[in-house]
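The values are calculated or read from the model by the stated rules, or taken from the named source; none is laboratory data. Keep in mind the model is a prediction, meaning the values are calculated, not measured. In this analysis, Cβ positions are derived from the backbone assuming ideal geometry, glycine residues included, and neighbour counts consider all displayed protein chains.
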Amino acid sequence: MENNNDIFLEEQLEFRIQKAMSEQMDNVIDKVIKIAKKFSIANQNEKSPFRNVLSVATESGSSVEVVKNFIKYQVGRKGSSDIWKLKKEQELFAAAVISDIEILLNEDTEEIIEKLRKNIEKNNSLNSYVDNPSNQKELKRKIHLKLTQLYLGYLAREHTALVGEKELTKIESSK
């Protein structure tokens, strides 16, 4: 059983992770806006594809690899949403989302971990935990998955907003 000091350190670490992630969120949202515009996702008025992948991402025991696998599966599955098959300059929307998750969100994850390491005082007990390579691997996995969940959630929101704006423009132009 954990003692009070361990629980305190876990809570302190979680707080620091959340703070570092919140500082990174504007970058994540910028990535979402960029991909949404590039692929003109407002032209696909289906919400379930994003709800489905977000549901997979937030399941207990999920991982970044599970999410990427689910997106790839949607491309090949008959009857799946066409949004995953949108193409721009020979790149599939699904492949672009996976690329953002693999590369860009990984970079954000590394940046968050580096901020954590720099912002923990040398005499703090968290320092030895965060500097431990095996703990860093687990932190990276946890943060990368959380960023992926947030990215997919913001992508769903951006899609809803763009579809709503498009519908509003249609209504106003028909008046």
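Kindly list, by first and then second residue, each pair from a residue in region 10-21 that is in contact (Cβ under 8 Å) with a residue 24 or more places away in the chain to a residue that is aromatic (Phe, Trp, Tyr), limited to pairs with Cβ atoms under 9 Å and residues at least 6 apart or on different chains.
Matching pairs, first to second residue: LEU13/TYR129.
Go through (1) over 16 Å from MET21 (Cβ atoms); (2) in contact (Cβ under 8 Å) with a residue 12 or more places away in the chain; (3) among the small types (Gly, Ala, Ser) for SER174 and report which single condition fails.
Result: SER174 passes all but (2).
Which of the residues spanning region 64-116 are in contact (Cβ under 8 Å) with a residue 60 or more places away in the chain and surrounded by fewer than 17 Cβ atoms within 10 Å (Cβ to Cβ)?
GLU111, the sole residue that qualifies.
Any idea which residue in region 84-124 is nearest to the chain's Cα centre (by Cα), counting only those that are among the β-branched types (Val, Ile, Thr) and closer than 17 Å to LYS31 by Cβ?
Among those residues, the one meeting the criterion is ILE101.
Among the helices (runs of 4 or more DSSP H) lying completely within region 72-163, list those that include at least 3 residues that are modelled with pLDDT of 95 or more.
93-99, 105-119
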